[in-house]
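Read through the structure below, which is laid out as structure tokens, and then see the notes.
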Amino acid sequence: MKLSVHVCEECGNTSVPARLICPSCRAVGFRIEEIEGTGSVYTFTKINISSVEFKHLTPYYVVLVDLISGERVTGRIKEEIQINDKVELVDIEEGAYIFRKCG
Ligand SMILES: [Zn+2]
């Protein structure tokens with residue numbers, strides 16, 4: 001599935017998640033574009049023990065994903081993963097990107 005990125009109207013810099021001010025040129029005007037939620041694992045951390053809120057999910061991985069568009073986003077994945085594994089976005093839960101392995 002796709003996810004939304006904020007693209008600076010001035011310089012074209014993209015942000016995930018949204019920012020109020022462009023980190024590149026400090027402009028405040030953005031448009032929203034949809035990008036493919038597929039990419040590869042940049043790095044990850046296994047979470048064995050978490051707060052009560054996420055206890056039902058453990059163990060899981062917090063993963064940094066390099067999307068094919070060049071964006072780097074943080075998400076969660078349930079399966080065991082390795083660096084460079086191909087992953088795809090399958091859900092967005094309360095603002096958190098949920099990935100699974102693919103290809
Ligand atoms: Zn900008």
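For H56 and I98, the difference between the fully extended length at 0.36 nm per residue and the C-alpha to C-alpha distance is 13.6 nm. Scanning the chain for trypsin sites (Lys or Arg not before Pro) in DSSP loops with at most 16 neighbouring Cβ atoms within 10 Å leaves 27-77 as the longest stretch between them. Taking 7 Å steps out from each Cα toward its Cβ at E36 and Q82 produces label points 2.3 nm apart.
Between E71 and R26, the modelled label-to-label distance comes to 2.6 nm, taking each label 7 Å out from Cα in the direction of the beta carbon.
Only beta bridges with both residues in the chain are counted; by DSSP, about 90 percent of them are antiparallel.
Give the calculated FRET efficiency between R19 and I49 to the nearest 0.05, with a Förster radius of 30 Å applied to their Cβ-Cβ distance. Working from the Cβ atoms, E equals 0.45. Spin-label model, D91 to M1: label points 7 Å out along the Cα-to-beta-carbon direction sit 0.9 nm apart. Probing with 1.4 Å while keeping every protein chain in the model, the per residue accessible area of the chain equals 63 Å². When only the Cβ of Lys, Arg, Asp and Glu is charged (+1, +1, -1, -1), the dipole of the range 37-103 relative to its Cα centre reaches about 180 debye.
For the range 1-32 and the range 38-81, what is the centre-to-centre distance using only Cα atoms, to the nearest Å? Each part's Cα centre sits 23 Å from the other's. For the chain, lysine pairs separated by 8 or more sequence positions, or belonging to different chains, with Cα-Cα distances below 16 Å total 9.
Take every Cα pair under 8 Å whose residues are at least 6 apart in sequence, average their separation, divide by the length of the chain, and the relative contact order is 23 percent. Isolated cysteines of the chain, defined as having no other cysteine beta carbon under 4.7 Å away, are C102.
The values are calculated or read from the model by the stated rules, or taken from the named source; none is laboratory data. Note that the structure is predicted; figures quoted are calculated from it, not measured. Cβ sites come from the backbone with ideal geometry, for glycine too, and all protein chains shown count toward neighbours. Calculation scope for accessible area: heavy atoms of the full protein, side chains included, ligands and nucleic acids excluded. Shrake-Rupley method; radii C 1.70, N 1.55, O 1.52, S 1.80 Å.
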